[in-house]
Amino acid sequence: MANLWVVVALAPTLRPGIFLDDPVLLLLARNHLRMLQISVRSVHPDQVEDLRQWFTGLQTARRDETIATLLDETVTHETAILIPNDGNPILVYAMEVEDPIQSKTSARSGKHPIDAEHRTAMQAAISGIPEHEIILDITPGHRAGDQDESEEIGESEQQTAR
């Protein structure tokens, strides 16, 4: 499963649409940016109920564990939306993170049992990336001359999911 990292709040030296795969940009991001991580995934139809139950458990019976993981990953908000889509369900997953480096590191090496369980649940439920098109990507600081970078969003290198 892959994710797309999108700049939400920009440091004055960065422009919208820049992807943080460069170590210098990651350093800037750590100190100046919040990131919104968005993924769009197809869900195995026979896994929808299991996925619903997993996310319900994260918000209820396992809320304290979930919050501990979110804090480790510097996540300030996480949401998942399930779209039925005529028998081909789609999961839209979004996370706002304060520190993209810490978030990525913690997600990969999570110290809580729930971290590995989350990876397993997501791997079982996700069937791939549905065809989709980003048709708007704009920030107040975006200039018309920066279009080349914003057009790369749909084709950018994607990061590994949690």
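The values are calculated or read from the model by the stated rules, or taken from the named source; none is laboratory data. Quick caveat, the model's predicted, so the values are computed rather than measured. Cβ sites come from the backbone with ideal geometry, for glycine too, and all protein chains shown count toward neighbours.
Quick notes on this one:
- Within the stretch 86-107, considering residues that are surrounded by fewer than 16 Cβ atoms within 10 Å (Cβ to Cβ) and within 17 Å of residue 38 (Cβ to Cβ), the one modelled with the lowest pLDDT: 98
- Flag for residue 65 being at negative phi and at pLDDT below 95: no
- Meets criteria (surrounded by fewer than 19 Cβ atoms within 10 Å (Cβ to Cβ), among the basic types (Lys, Arg) and either modelled with pLDDT of 95 or more or not in a helix (DSSP H, G or I) (or both)) for residue 52: yes
- Among the residues making up the stretch 71-109, those that are touching a residue at least 60 places away in the same chain (Cβ under 8 Å) and either part of a loop (DSSP other than H, G, I, E, B) or in contact with a Gly (Cβ under 9 Å, 6 or more places away or on another chain) (or both) are 73, 98, 99.
- Residue 80 vs. criteria of a type in the set (A, V, I, L, M), more than 18 Å from the chain's Cα centre (by Cα) and modelled with pLDDT of 95 or more: no
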